[in-house]
Amino acid sequence: MFFKTEENILFDSHAHINSKDYDSDIQEVISRAENAGVLKVIDIAVDLDSSKKSVELSKRFQGKVFSIVGIDPDIILPISELHNPDLKVEAVFNELSTLIESNSEFIIGIGESGVDNYWLKQSDLSVSEQEALIRKQIELLDVHVELAKKFDLPLSIHSRGYEQELISYLKGKGVRGVFHSFTGTYETAKDILNNDFGLGVNGIITFKSAESLREIYRRVLGRKINEPIDLYSKNVYLETDSPFLSPDRGERNEPANIAKIFEFIVNNL
Ligand SMILES: [Zn+2]
């Protein structure tokens, strides 16, 4: 088990409830999750400020919310809403180390970490500009890898459009983690699992267009007819990626929807 939680409870392994989208009703969001049987929420930061905000949430909702702190690779990309041209990659290790050292009971992972190649591929940047931005994202990932090793914490890995390259890069580095929102191929999924990394599955699996992803998870889970579903022992974790990727497309997503995603998987995979 990657995240410090008991087996066999429903929990959201990747949500951004530190987002300002929840500032006005965070208490209700947590209550709705609990009422739906989603007993824990792992809150993912995207930068230093949201890392600190996440720790505050973990303190406020002790035992229900836990934090994963780090700098999202999209911060590097000029084409992303998250872009911050002032990020000093050299400063990240010390800034996050200080935060983790004084809040170790609330911080259970590092992330999100990785490379986003999906938007780059669709951009009109030149190949050499794209390669430079990937190198910069990998520099930031290396800082996360060092933090994960220093504190013995798992990574929440962002691998969009770069899944195979990232598992090849991370294997043998002495870290563990979950490929959040995995949408790669079956072969890459196997490579990830064979190297003791996990897969994160979210509302995308419920989308009409996602039949090939469902087929990948059917093969990964290898479930026989009428057999109970067993995700965690296969290193598959449920996530919402709230506020994004709602199973009710277009709505603000929230951790309570883990119950819907789980029910869909039980009935369709
Ligand atoms: Zn995310």
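Table for the structure above
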{"read-out": "Test: residue in the stretch 233-241 that is assigned to a loop (DSSP other than H, G, I, E, B), out of contact with any Phe, Trp or Tyr (no Cβ under 8 Å at 6 or more places or on another chain) and polar (S, T, N, Q)", "value": "yes"}
{"read-out": "Count of residues meeting criterion [more than 16 Å from the ligand (Cβ to nearest atom) and either touching a residue at least 24 places away in the same chain (Cβ under 8 Å) or outside any helix (DSSP H, G or I) (or both)] in the stretch 140-183", "value": "21"}
{"read-out": "Filter result for the condition that a residue is more than 16 Å from the ligand (Cβ to nearest atom) and charged (D, E, K, R), over ASP25, ASP43, ASP12, ASP21", "value": "ASP25"}
{"read-out": "LEU82 modelled with pLDDT of 95 or more, of a type outside the set (Val, Ile, Thr) and either farther than 21 Å from PHE244 by Cα or part of a loop (DSSP other than H, G, I, E, B) (or both)", "value": "no"}
{"read-out": "Verdict on GLU215 being of a type in the set (D, E, K, R), without any contact (Cβ under 8 Å) to a residue 60 or more places away in the chain and either touching a Gly at 6+ places or on another chain (Cβ under 8 Å) or over 26 Å from ARG249 (Cα atoms) (or both)", "value": "no"}
{"read-out": "Selection from the stretch 104-125 of residues that are within 16 Å of the ligand (Cβ to nearest atom) and either more than 15 Å from ASP72 (Cα to Cα) or out of contact with any Ser or Thr (no Cβ under 8 Å at 6 or more places or on another chain) (or both)", "value": "ILE108, ASN117, TYR118"}
{"read-out": "Residues that are closer than 20 Å to TYR232 by Cβ and either outside any helix (DSSP H, G or I) or within 16 Å of the ligand (Cβ to nearest atom) (or both), drawn from the stretch 184-203", "value": "ASN195, ASP196, PHE197, GLY198, LEU199, GLY200, VAL201, ASN202, GLY203"}
{"read-out": "Residue in the stretch 215-269 that is nearest to GLU28 (Cα to Cα), counting only those that are more than 16 Å from the ligand (Cβ to nearest atom) and among the aromatic types (Phe, Trp, Tyr)", "value": "PHE262"}
{"read-out": "All positions within the stretch 16-39 that are surrounded by 24 or more Cβ atoms within 10 Å (Cβ to Cβ) and either outside any strand (DSSP E or B) or at pLDDT below 95 (or both)", "value": "ILE17, ASN18, ALA33"}
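Yes/no matrix, rows are residues, columns are (1) without any contact (Cβ under 8 Å) to a residue 40 or more places away in the chain; (2) touching a His at 6+ places or on another chain (Cβ under 8 Å):
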| site | (1), (2) |
| --- | --- |
| ASN8 | no, no |
| ASP12 | no, no |
| ILE26 | yes, no |
| VAL29 | no, no |
| ALA36 | no, no |
| ASP72 | no, yes |
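The values are calculated or read from the model by the stated rules, or taken from the named source; none is laboratory data. For clarity, every value in this text was computed on a predicted model and none was experimentally measured. Cβ: placed from backbone, ideal geometry, glycine included. Neighbour counts: every protein chain shown.
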